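To start, the structure under review is shown below, and the notes come after it.
The values are calculated or read from the model by the stated rules, or taken from the named source; none is laboratory data. Nothing here was measured: the structure is a model prediction, and the numbers come from that model. Because the Cβ atoms are built from the backbone with ideal geometry, glycine has one as well, and the counts that use them run over all protein chains shown.
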Amino acid sequence: MPNSELDLPAFETIAGLAFNTGALQRIAGGYETEVYLTADSRYVIKLKHDGGSREAMLAWARRMRAASELFARYLGPRHSLPNAYLVVDNGDTPPHVLSVQPFLPNAQNLDSLDYDTLSPDLRQSVFQQLITIVERSTACYQATGYTPDLYGVAGMHAHERHQRSSPRWLFQQAWRMLMQQPLLNAHNLMLTSDGRVVLVDYDLICHCWLNCRVYYAARRVLLWRDRAQLQAMNAER
Ligand SMILES: Nc1ncnc2c1ncn2[C@@H]1O[C@H](COP(=O)(O)OP(=O)(O)OP(=O)(O)O)[C@@H](O)[C@H]1O
Ligand SMILES: [Mg+2]
């Protein structure tokens, strides 16, 4: 699925990168995705865990591509990355979806950032960028009913994926986020070496329609909470 408008290599190159697995280094993942860095350190290749029929994976890849384009459009180029998607089907295992995006060298996940070590100017800039990201994500939700997964969940295991449609799992996640994870500690946002806050995860949060409506509405409340908190912190400085 080439995407010529984006700043990514041509489809043949992406496919070549994806299949040249010997040259890839695993850098993260475990829950929904395995994340690999290409040998030239220019791209990450994300192998999604869920496999299925070729038609199902193609449909899923198209949905993810549409979502990634939507989220990137709302967040703007300073806070987003281009993404390309392809379905791999080598006949041995069920087809899987891969996504490719530029690697952010020396970037840090916000949940591993020690804010006290940042200069006052950079800290202020991060707060302001987060307010912008919240406002744009809220606008995306209001216009489309979808919002990017800014928060993410660190340290989960692959076997937990099978519980993710259950009401109990959703309730636990919502509680975990409300109680523990403000946007300042988001796992899906990274601070780049040039001081930008960038979304790296463009996955859709949920699959079932009803769960999605509940989940996205809860996210809307979180965005509202985080905007108020960030504005208060920004005013204090
Ligand atoms: N473009 C990138 N540049 C640098 N690091 C990245 C990039 N994309 C992802 N990472 C690293 O890989 C981690 C996981 O990536 P991502 O959030 O896209 O996958 P995920 O579906 O949340 O994975 P999992 O849930 O399995 O951990 C990120 O939190 C980040 O640390
Ligand atoms: Mg993530």
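Observations
- Residue match in region 59-82 (condition: outside any helix (DSSP H, G or I) and buried (at least 18 other Cβ atoms within 10 Å of the Cβ)): yes
- Considering L199, L230, L189, L223, the condition of being closer than 29 Å to P120 by Cβ, in contact with a Gly (Cβ under 9 Å, 6 or more places away or on another chain) and surrounded by 15 or more Cβ atoms within 10 Å (Cβ to Cβ) is satisfied by L189 alone.
- All positions within region 75-119 that are of a type in the set (D, E) and either near ligand 1 (Cβ under 10 Å from one of its atoms) or outside the structural domain of E34 (by TED's automatic domain parsing) (or both): D111, D114, D116
- In region 192-209, the residues that are within 11 Å of ligand 1 (Cβ to nearest atom) and in contact with a Leu (Cβ under 7 Å, 6 or more places away or on another chain): T192, V198, L199, V200
- Meets criteria (in contact with an Asp or Glu (Cβ under 7 Å, 6 or more places away or on another chain), modelled with pLDDT under 90 and more than 16 Å from ligand 2 (Cβ to nearest atom)) for P82: no
- You will find that of E34, E55, the residue that is within 21 Å of P95 (Cβ to Cβ) and outside any helix (DSSP H, G or I) is E34 and no other.
- Meets criteria (on the phi < 0 side of the Ramachandran plot, part of a loop (DSSP other than H, G, I, E, B) and in contact with a strand residue (DSSP E or B) (Cβ under 8 Å, 6 or more places away or on another chain)) for L98: no
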